[in-house]
Amino acid sequence: MLILAKAVLSMMIGFIISVIFGIILIPLLKKINVKQKVSTYLEKRHHDKDGTPTMGGLIFIIPTILTTIILLFMGKLEMSHNLGIVMFVFVAYAILGFLDDYLIIRRGNNLGLTEFQKLLGQIVIALVFFYIFMKSGANPTIDITSLGIKINMGWFYGVFLLFVLVASSNAVNITDGLDGLAGGLSLIAFLALGLISWNSKIAGGSDIAIFCFILFGTLLGFLLFNTYPAKVFMGDTGSLSLGATLASVALITKHEVTFIVIMGVFIFETLVCIIQTVSMVWFHHKVFLMTPFHHHLEKLGWEERDIVKFFWVIGLILSMGAIIFGVWI
């Protein structure tokens, strides 16, 4: 019951602060003209969203930090080394995304950081994560406990960590294209990883779990403003941070394989973009009407809300399967 009470407390505080922060921040973003410029390539129905405030990721980023500090002072949370690493990734990628959003707004178009600059920033942060993580005594292995498989990857583990962190960050960023889509899927993923982390045997596993539950609460508050019709977009400030943080939790708790299942929708969205790019470059032919896949469904006539609900259900089913695999089996 104590575990359940801690989880509910962290969600509740995170949710309340997030809602209050959203009520204050959104009018402020409108006042200082922090607005999203919608791409001309999107469906006409998206053009009504032109001018919607962006940088909404601050609505769950700052409340998550505040809630963590509150729980630390209340003695309900301990700042373990592993939690510190997760929070570093959370904040560092948020700053990178904020810089990208800031440049887009300042220039008045969708050109923020170049792809190279953004990728370089992601890699640098991932390298710092890798250094701190390995210095903490982490083993370069992938464990699939339920199947009794343990793979020692040696030096290649560093490349693997970099790939997972950067790929996950970009995957959430790619999926963030419809109202509530990336936020809802991330909320489900953090709930799953929170439950899995609580069952992990690493130092500070329960503290990482509470952090995941805090993010569940703050994301729930954010979705009050981000679901259709969205009053605010999370921007790269939120999407880059969410993806990288999800990856860091999975890596630290040694649930890399389970993480693949949890991230199923994000991975699918990314693969669709890769397939489309390869097909266009090599064969000069489109496989999909538009990428990511949620825009392909829009081109087929699906309503935005139906696409979001459909992906949420898929994400929930995958996460439930991952929890069973990662905790019970």
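The values are calculated or read from the model by the stated rules, or taken from the named source; none is laboratory data. None of the values given here were measured: they were computed from a predicted structure. Glycine also receives a Cβ, built like all others from the backbone with ideal geometry; neighbour counts cover every protein chain displayed.
Please pick out the residue among 325, 311 that is part of a helix (DSSP H, G or I) and surrounded by 21 or more Cβ atoms within 10 Å (Cβ to Cβ).
Sole residue among the options that is part of a helix (DSSP H, G or I) and surrounded by 21 or more Cβ atoms within 10 Å (Cβ to Cβ): 311.
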- Query: What's the number of the condition residue 112 fails, among (1) among the small types (Gly, Ala, Ser); (2) in a helix (DSSP H, G or I); (3) in contact (Cβ under 8 Å) with a residue 60 or more places away in the chain?
  - Reply: (2)
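One line per residue, one yes/no per condition, for (1) over 30 Å from residue 50 (Cβ atoms); (2) modelled with pLDDT under 85; (3) surrounded by fewer than 12 Cβ atoms within 10 Å (Cβ to Cβ); (4) of a type outside the set (Lys, Arg):
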position	(1), (2), (3), (4)
95	no, no, no, yes
107	no, yes, yes, no
117	no, no, no, yes
125	yes, no, no, yes
132	yes, no, no, yes
137	yes, yes, yes, yes
146	yes, yes, no, yes
- Given (1) part of a helix (DSSP H, G or I); (2) β-branched (Val, Ile, Thr); (3) closer than 26 Å to residue 92 by Cα, index of the condition residue 232 fails: (1)
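Considering only residues of the stretch 56-83 that are without any contact (Cβ under 8 Å) to a residue 12 or more places away in the chain and in a helix (DSSP H, G or I), which is farthest from residue 32 (Cα to Cα)? If you could, list the steps in order and put the result at the bottom.
Taking the stretch 56-83 as the starting set, the residues that turn out to be without any contact (Cβ under 8 Å) to a residue 12 or more places away in the chain are 69, 72-75.
Among the residues that remain, those that are also in a helix (DSSP H, G or I) are: 69, 72-74.
Details: 69: 29, 72: 34, 73: 34, 74: 36 Å.
Step by step, filter the stretch 56-83, then rank; the result is 74.
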- Message: Restricting to the stretch 165-201, and then to whatever is without any contact (Cβ under 8 Å) to a residue 60 or more places away in the chain and not in a helix (DSSP H, G or I), can you tell me which residue is surrounded by the fewest Cβ atoms within 10 Å (Cβ to Cβ)?
- Response: 201
- Note on the structure: Restricting the stretch 237-260 to residues that are over 19 Å from residue 213 (Cα atoms) and surrounded by fewer than 24 Cβ atoms within 10 Å (Cβ to Cβ), the one nearest to the chain's Cα centre (by Cα) turns out to be 260
- Message: Cβ-Cβ under 6 Å, sequence separation 6+ or interchain: first residue in the stretch 260-281 and under 18 Å from residue 173 (Cβ atoms), partner hydroxyl-bearing (Ser, Thr, Tyr) and not in a helix (DSSP H, G or I). Which pairs?
- Response: 272/291; 273/291; 276/291
